[in-house]
Amino acid sequence: MKFSANLGFLWADRSLPDAIRAAKAAGFDAVECHWPYDVPASAVRAALDETGLPMLGLNTVRGNPGENGLCALPDRKPEARAAIDQAIDYAVQIGAGAIHVMCGFAEGPQAEATFLENLRYARKACPGSITLLIEPLNRHDAPGYFLHSSQQASALLEKLGLPGVKLMFDCYHIGRTEGDLVTRIRDLAPIIGHIQFAAVPDRGEPDRGEINYAFVIDAIEKLGWTLPLGAEYKPRETTDTGLGWLSDMRR
(Lines give C-alpha, C1' and ligand atoms only; values in the text may rest on other atoms or scores of the structure.)
Protein backbone atom coordinates (compact mmCIF):
# COMPACT_ATOMS: atom_id res chain seq x y z
CA MET A 1 0.00 0.00 0.00
CA LYS A 2 1.14 3.52 -0.79
CA PHE A 3 0.80 6.46 1.59
CA SER A 4 0.40 10.21 1.17
CA ALA A 5 1.51 12.77 3.76
CA ASN A 6 -1.12 15.42 4.47
CA LEU A 7 1.02 18.52 4.92
CA GLY A 8 -1.77 20.45 6.56
CA PHE A 9 -0.85 18.51 9.71
CA LEU A 10 2.50 16.79 9.06
CA TRP A 11 5.60 19.01 9.20
CA ALA A 12 3.27 21.96 9.70
CA ASP A 13 6.14 23.89 11.28
CA ARG A 14 7.96 24.01 7.93
CA SER A 15 7.25 25.86 4.72
CA LEU A 16 5.19 23.82 2.27
CA PRO A 17 8.13 23.23 -0.12
CA ASP A 18 10.30 22.04 2.78
CA ALA A 19 7.47 19.83 4.07
CA ILE A 20 7.29 18.21 0.63
CA ARG A 21 11.00 17.47 0.84
CA ALA A 22 10.58 16.06 4.36
CA ALA A 23 7.80 13.74 3.16
CA LYS A 24 10.07 12.43 0.43
CA ALA A 25 12.89 11.83 2.91
CA ALA A 26 10.51 9.97 5.23
CA GLY A 27 9.45 7.58 2.49
CA PHE A 28 5.97 8.81 1.56
CA ASP A 29 4.73 8.12 -1.95
CA ALA A 30 2.70 11.32 -2.39
CA VAL A 31 1.63 14.50 -0.62
CA GLU A 32 -1.58 16.48 -0.15
CA CYS A 33 -2.34 19.77 1.54
CA HIS A 34 -5.11 21.97 2.90
CA TRP A 35 -4.77 25.65 1.94
CA PRO A 36 -1.49 26.37 0.13
CA TYR A 37 -2.51 29.73 -1.31
CA ASP A 38 -0.04 31.90 0.64
CA VAL A 39 2.84 29.99 -0.96
CA PRO A 40 3.75 30.79 -4.58
CA ALA A 41 2.59 27.94 -6.78
CA SER A 42 5.95 28.02 -8.56
CA ALA A 43 7.77 27.16 -5.31
CA VAL A 44 5.45 24.23 -4.64
CA ARG A 45 5.77 23.02 -8.22
CA ALA A 46 9.56 23.17 -7.95
CA ALA A 47 9.57 21.06 -4.76
CA LEU A 48 7.25 18.51 -6.36
CA ASP A 49 9.46 18.30 -9.43
CA GLU A 50 12.57 17.99 -7.26
CA THR A 51 11.15 15.13 -5.18
CA GLY A 52 9.06 13.42 -7.82
CA LEU A 53 6.09 13.30 -5.45
CA PRO A 54 2.58 13.84 -6.82
CA MET A 55 0.32 16.36 -5.09
CA LEU A 56 -2.94 14.50 -4.60
CA GLY A 57 -5.14 17.40 -3.61
CA LEU A 58 -5.94 20.66 -1.87
CA ASN A 59 -9.01 22.35 -0.35
CA THR A 60 -11.10 25.35 -1.29
CA VAL A 61 -10.67 28.10 1.30
CA ARG A 62 -12.65 28.14 4.55
CA GLY A 63 -13.86 31.73 4.25
CA ASN A 64 -13.90 34.20 7.12
CA PRO A 65 -12.48 33.34 10.58
CA GLY A 66 -14.65 30.69 12.21
CA GLU A 67 -16.06 29.45 8.90
CA ASN A 68 -15.37 26.05 7.38
CA GLY A 69 -16.09 26.45 3.69
CA LEU A 70 -18.51 28.43 1.57
CA CYS A 71 -20.08 26.20 -1.04
CA ALA A 72 -23.34 25.33 0.75
CA LEU A 73 -24.03 28.86 1.98
CA PRO A 74 -26.96 30.25 -0.04
CA ASP A 75 -26.00 33.90 0.45
CA ARG A 76 -22.31 33.43 -0.43
CA LYS A 77 -22.38 32.12 -4.01
CA PRO A 78 -20.02 34.73 -5.52
CA GLU A 79 -17.41 34.06 -2.81
CA ALA A 80 -17.87 30.31 -3.13
CA ARG A 81 -17.28 30.42 -6.85
CA ALA A 82 -14.27 32.69 -6.43
CA ALA A 83 -12.89 30.08 -4.00
CA ILE A 84 -13.52 27.34 -6.55
CA ASP A 85 -11.79 29.35 -9.28
CA GLN A 86 -8.84 30.01 -6.96
CA ALA A 87 -8.49 26.31 -6.16
CA ILE A 88 -8.68 25.28 -9.81
CA ASP A 89 -6.05 27.83 -10.83
CA TYR A 90 -3.65 26.74 -8.10
CA ALA A 91 -4.28 23.03 -8.69
CA VAL A 92 -3.54 23.41 -12.39
CA GLN A 93 -0.29 25.26 -11.67
CA ILE A 94 1.03 22.58 -9.31
CA GLY A 95 -0.47 19.57 -11.05
CA ALA A 96 -2.76 18.57 -8.16
CA GLY A 97 -5.06 15.65 -8.82
CA ALA A 98 -8.08 16.69 -6.77
CA ILE A 99 -9.88 19.58 -5.11
CA HIS A 100 -11.88 19.14 -1.90
CA VAL A 101 -14.89 21.45 -2.23
CA MET A 102 -15.66 22.58 1.33
CA CYS A 103 -19.35 23.21 1.98
CA GLY A 104 -19.36 25.02 5.35
CA PHE A 105 -21.80 25.38 8.22
CA ALA A 106 -25.35 25.18 6.87
CA GLU A 107 -28.41 22.97 6.83
CA GLY A 108 -31.66 22.41 4.99
CA PRO A 109 -32.90 22.11 1.39
CA GLN A 110 -31.61 25.52 0.31
CA ALA A 111 -28.10 24.65 1.50
CA GLU A 112 -28.25 21.36 -0.38
CA ALA A 113 -29.43 23.06 -3.57
CA THR A 114 -26.66 25.65 -3.26
CA PHE A 115 -23.99 22.99 -2.74
CA LEU A 116 -25.17 21.04 -5.78
CA GLU A 117 -25.22 24.22 -7.89
CA ASN A 118 -21.69 25.08 -6.86
CA LEU A 119 -20.48 21.54 -7.55
CA ARG A 120 -21.98 21.75 -11.04
CA TYR A 121 -20.20 25.07 -11.52
CA ALA A 122 -16.93 23.56 -10.28
CA ARG A 123 -17.19 20.52 -12.52
CA LYS A 124 -17.85 22.67 -15.58
CA ALA A 125 -14.95 25.01 -14.77
CA CYS A 126 -12.49 22.31 -13.76
CA PRO A 127 -10.24 20.36 -16.17
CA GLY A 128 -11.28 16.74 -16.52
CA SER A 129 -7.92 15.61 -15.14
CA ILE A 130 -8.84 17.02 -11.69
CA THR A 131 -11.29 15.13 -9.47
CA LEU A 132 -13.65 17.06 -7.22
CA LEU A 133 -14.09 15.63 -3.73
CA ILE A 134 -16.74 16.10 -1.05
CA GLU A 135 -16.02 15.04 2.53
CA PRO A 136 -18.34 14.42 5.47
CA LEU A 137 -16.96 15.83 8.73
CA ASN A 138 -17.89 14.41 12.12
CA ARG A 139 -20.18 16.41 14.37
CA HIS A 140 -17.84 16.26 17.36
CA ASP A 141 -15.17 18.31 15.58
CA ALA A 142 -17.37 20.27 13.18
CA PRO A 143 -20.87 20.66 14.64
CA GLY A 144 -23.19 22.23 12.10
CA TYR A 145 -21.11 21.29 9.06
CA PHE A 146 -23.48 20.69 6.16
CA LEU A 147 -22.03 17.35 5.03
CA HIS A 148 -21.92 15.06 8.04
CA SER A 149 -22.40 11.42 6.97
CA SER A 150 -21.35 9.02 4.25
CA GLN A 151 -25.01 8.26 3.54
CA GLN A 152 -25.76 11.94 2.94
CA ALA A 153 -22.70 12.26 0.69
CA SER A 154 -23.71 9.21 -1.34
CA ALA A 155 -27.23 10.58 -1.83
CA LEU A 156 -25.85 13.96 -2.96
CA LEU A 157 -23.50 12.37 -5.48
CA GLU A 158 -26.41 10.35 -6.87
CA LYS A 159 -28.49 13.52 -7.25
CA LEU A 160 -25.56 15.32 -8.86
CA GLY A 161 -24.93 12.55 -11.36
CA LEU A 162 -21.69 14.00 -12.71
CA PRO A 163 -18.49 12.11 -13.50
CA GLY A 164 -15.34 13.21 -11.72
CA VAL A 165 -17.06 14.18 -8.45
CA LYS A 166 -16.34 11.69 -5.69
CA LEU A 167 -16.38 11.00 -1.97
CA MET A 168 -13.38 11.66 0.23
CA PHE A 169 -13.70 8.87 2.76
CA ASP A 170 -11.90 9.97 5.92
CA CYS A 171 -11.69 6.99 8.27
CA TYR A 172 -11.26 9.33 11.22
CA HIS A 173 -14.41 11.37 10.59
CA ILE A 174 -16.55 8.39 9.64
CA GLY A 175 -15.04 6.27 12.39
CA ARG A 176 -16.04 8.81 15.03
CA THR A 177 -19.70 8.93 14.07
CA GLU A 178 -20.57 5.88 11.97
CA GLY A 179 -18.03 3.09 12.49
CA ASP A 180 -18.09 -0.20 10.52
CA LEU A 181 -15.35 1.18 8.29
CA VAL A 182 -14.53 -1.87 6.21
CA THR A 183 -18.16 -2.51 5.28
CA ARG A 184 -18.71 1.16 4.42
CA ILE A 185 -15.57 1.35 2.29
CA ARG A 186 -16.56 -1.83 0.46
CA ASP A 187 -20.10 -0.56 -0.19
CA LEU A 188 -19.01 2.95 -1.21
CA ALA A 189 -15.91 1.95 -3.20
CA PRO A 190 -17.40 2.92 -6.61
CA ILE A 191 -17.84 6.55 -5.50
CA ILE A 192 -14.69 6.96 -3.37
CA GLY A 193 -11.99 9.19 -4.82
CA HIS A 194 -9.60 9.35 -1.87
CA ILE A 195 -9.21 7.69 1.54
CA GLN A 196 -7.68 9.36 4.60
CA PHE A 197 -6.98 8.07 8.09
CA ALA A 198 -6.03 8.99 11.66
CA ALA A 199 -6.47 7.43 15.08
CA VAL A 200 -9.88 7.57 16.73
CA PRO A 201 -10.67 9.43 18.93
CA ASP A 202 -7.56 11.64 19.32
CA ARG A 203 -6.71 12.07 15.61
CA GLY A 204 -3.10 11.14 16.27
CA GLU A 205 -0.86 8.59 14.58
CA PRO A 206 -2.75 5.46 13.43
CA ASP A 207 -0.91 3.14 15.82
CA ARG A 208 -3.39 3.17 18.71
CA GLY A 209 -7.00 3.99 19.55
CA GLU A 210 -10.30 2.40 18.60
CA ILE A 211 -9.44 1.46 15.01
CA ASN A 212 -7.11 -1.39 14.04
CA TYR A 213 -5.64 0.18 10.93
CA ALA A 214 -3.55 -2.84 10.04
CA PHE A 215 -6.85 -4.70 9.58
CA VAL A 216 -8.58 -1.82 7.78
CA ILE A 217 -5.72 -1.17 5.37
CA ASP A 218 -5.37 -4.87 4.61
CA ALA A 219 -9.08 -4.94 3.74
CA ILE A 220 -8.70 -1.86 1.52
CA GLU A 221 -5.81 -3.50 -0.30
CA LYS A 222 -7.85 -6.66 -0.85
CA LEU A 223 -10.52 -4.54 -2.55
CA GLY A 224 -7.91 -3.71 -5.20
CA TRP A 225 -7.33 -0.13 -4.04
CA THR A 226 -4.00 1.09 -5.40
CA LEU A 227 -4.04 4.86 -4.79
CA PRO A 228 -2.06 6.30 -1.85
CA LEU A 229 -3.94 6.54 1.45
CA GLY A 230 -3.82 9.99 3.02
CA ALA A 231 -2.17 10.25 6.45
CA GLU A 232 -4.17 13.20 7.79
CA TYR A 233 -3.41 13.03 11.49
CA LYS A 234 -2.17 15.43 14.14
CA PRO A 235 1.20 14.24 15.48
CA ARG A 236 1.14 13.62 19.23
CA GLU A 237 4.70 14.96 19.51
CA THR A 238 6.69 15.76 16.36
CA THR A 239 6.01 14.39 12.91
CA ASP A 240 9.37 12.64 12.72
CA THR A 241 9.14 10.92 16.12
CA GLY A 242 5.72 9.49 15.27
CA LEU A 243 6.47 7.85 11.93
CA GLY A 244 7.02 4.31 13.20
CA TRP A 245 3.58 3.31 11.90
CA LEU A 246 4.69 3.94 8.32
CA SER A 247 7.33 1.23 8.25
CA ASP A 248 5.11 -1.12 10.29
CA MET A 249 2.25 -0.88 7.80
CA ARG A 250 4.51 -1.50 4.81
CA ARG A 251 5.56 -4.91 6.14
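The values are calculated or read from the model by the stated rules, or taken from the named source; none is laboratory data. Bear in mind the structure is a predicted one, so any value in this text is a computation, not a measurement. Neighbour counts run over all protein chains shown; Cβ positions are idealised from the backbone, glycine included. When the accessible area is computed, the model is the full protein with side chains, heavy atoms only, and any ligands, DNA or RNA have been set aside. Shrake-Rupley method; radii C 1.70, N 1.55, O 1.52, S 1.80 Å.
Among residues other than Pro17 with Cβ under 10 Å from its Cβ, the summed charge is +1 (Lys and Arg +1, Asp and Glu -1).
For Gly57, the residues 5 or more places off, or on other chains, whose built amide H falls under 5 Å of its own are Cys33, Gly97, Ala98.
Per residue, how much accessible area does the chain show when a 1.4 Å probe rolls over the protein heavy atoms, in square angstrom?
Per-residue accessible area for the chain comes out at 44 Å².
Indicate, rounded to the nearest 5 percent, the antiparallel portion of the DSSP beta bridges found entirely in the chain. Restricted to the chain, the bridges split so that about 10 percent are antiparallel.
GNM on the chain, alpha-carbon springs under 10 angstrom: the most fluctuating residue among Pro36, Pro109, Pro54 is Pro109.
With the Kirkwood sum run over all distinct C-alpha pairs, region 183-222 has a hydrodynamic radius of 11.0 Å. In plain terms, the chain from Ala46 to Lys124 could stretch by 25.2 nm, reckoned as 0.36 nm per residue minus the Cα-Cα distance.
Computed over the Cα atoms of region 114-199, the ratio of the radius of gyration to the Kirkwood radius (Rg/Rh) comes to 0.96.
Please give me, ordered by residue number, the trypsin sites (Lys or Arg not before Pro) of region 1-86 that lie in loop per DSSP and have at most 16 other Cβ atoms within 10 Å.
Those that pass, being in a loop and sparsely packed, are Lys2, Arg14, Arg62.
Applying 1/(1 + (r/R0)^6) with r as the Cβ-Cβ distance of Leu160 and Thr238 and R0 = 35 angstrom yields a FRET efficiency of 0.30. In plain terms, the chain from Asp141 to Ser247 could stretch by 35.2 nm, reckoned as 0.36 nm per residue minus the Cα-Cα distance.
Whenever you get a sec, compute what percent of the accessible area on the chain sits on carbon and sulfur atoms (1.4 Å probe).
Values: 5500 of 10940 Å².
Summing carbon and sulfur atoms, their accessible area is 50 percent of the total for the chain.
FRET efficiency for the Asp75 to Gln151 pair, using the beta carbon distance and R₀ = 30 Å, is estimated at 0.65. A simple rule links phi to the HN-Hα coupling: the Karplus curve 6.51 cos²θ - 1.76 cosθ + 1.60 with θ = phi - 60°, which for region 49-62 gives 5, 4, 8, x, 7, x, 8, 6, x, 8, 10, 5, 5, 6 Hz, with x for Gly and Pro.
Take the Cβ-Cβ distance between Val92 and Ile191 as r, set R0 to 30 Å, and report the resulting FRET efficiency rounded to the nearest 0.05. Approximately 0.80, to the nearest 0.05. In this structure the amide hydrogen of Cys103, modeled in the peptide plane, comes within under 5 Å of the amide hydrogens of Cys71, none closer than 5 places in sequence on its chain.
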